[in-house]
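Input: a single structure, listed below in structure tokens.
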Amino acid sequence: MKGNKKGGADRPTLQGDRMKKAGILIAVLIVIAIWANSHRNELAVWFNSDSFYKPIFIGDLNVLQPGSTVSAQLTPSYHVRHGFFLTFPCDDISLESYCNTEGSIRYSFLLNGIELDSKTIAIPKRPMRGQDSNGICDIALFTFDLPFQGHDSVTLKVVVESPFSKLSHYQKDIRCEVSPAYWPK
């Protein structure tokens with residue numbers, strides 16, 4: 001006597017296999033989503049570096065004039081370390097050109113006029129520096145995390161305390177900017 005072999009006995013196993021595959025696929029997608037969320041800054045740098053490194057503030061600061069001041073309302077696009085940079089046109093960014101530059105600034109972070117933090121700093125002896133493909137050099141004077149102390153939007157105030165005389169050659173072209181100072185490993 002032959003039994004009815006229309007797949008009735010095999011059907012639950014086939015459905016079970018499909019459920020296992022769907023479960024594995026969902027688990028893999030969840031792991032990928034968690035990884036992407038925890039690495040969103042690296043992904044932004046890799047796939048959208050032009051907008052990632054776009055400055056959130058650009059202004060003028062006369063680094064040769066004590067008392068020269070710039071204030072900026074900072075609202076970050078990405079929650080990463082940012083830097084306050086001096087930018088200027090230059091031919092090269094050799095180490096000797098910017099090491100041991102004299103000068104100091106005072107910077108303050110304010111929230112609704114209340115000072116959250118304030119420091120006076122000298123230019124770093126060996127500042128972070130770079131040069132882009134357009135011949136613009138930058139020097140990082142200091143870095144900080146944004147959001148600052150949990151506040152999404154703060155005001156940064158920078159005052160020149162003593163002049164940066166070594167940069168006098170670039171006096172007319174010096175700008176300041178705040179942009180991400182984040183480089184993925």
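The values are calculated or read from the model by the stated rules, or taken from the named source; none is laboratory data. Bear in mind the structure is a predicted one, so any value in this text is a computation, not a measurement. Every residue, glycine as well, gets a Cβ built from its backbone with ideal geometry; the counts of neighbours run over all protein chains shown. Note: accessible area is taken over every heavy atom of the protein model, side chains too, but ligands, DNA and RNA are not part of it. Shrake-Rupley method; radii C 1.70, N 1.55, O 1.52, S 1.80 Å.
Some notes on this structure:
- Residues in the range 148-179 that are within 13 Å of H82 (Cβ to Cβ) and among the aromatic types (F, W, Y): F148 alone.
- Just one of the listed residues (Q65, Q73) is surrounded by fewer than 13 Cβ atoms within 10 Å (Cβ to Cβ), in a loop (DSSP other than H, G, I, E, B) and at pLDDT 90 or above, and it is Q65.
- Against the list (1) open to solvent by 80 Å² or more (accessible area, probe 1.4 Å); (2) at pLDDT 70 or above; (3) not hydrophobic (A, V, I, L, M, F, W, C), the condition D50 fails is (2).
- Where strands (runs of 3 or more DSSP E) fall wholly inside the range 86-185, the ranges with 2 or more residues that are buried (at least 18 other Cβ atoms within 10 Å of the Cβ), touching a His at 6+ places or on another chain (Cβ under 6 Å) and modelled with pLDDT of 80 or more are 175-180.
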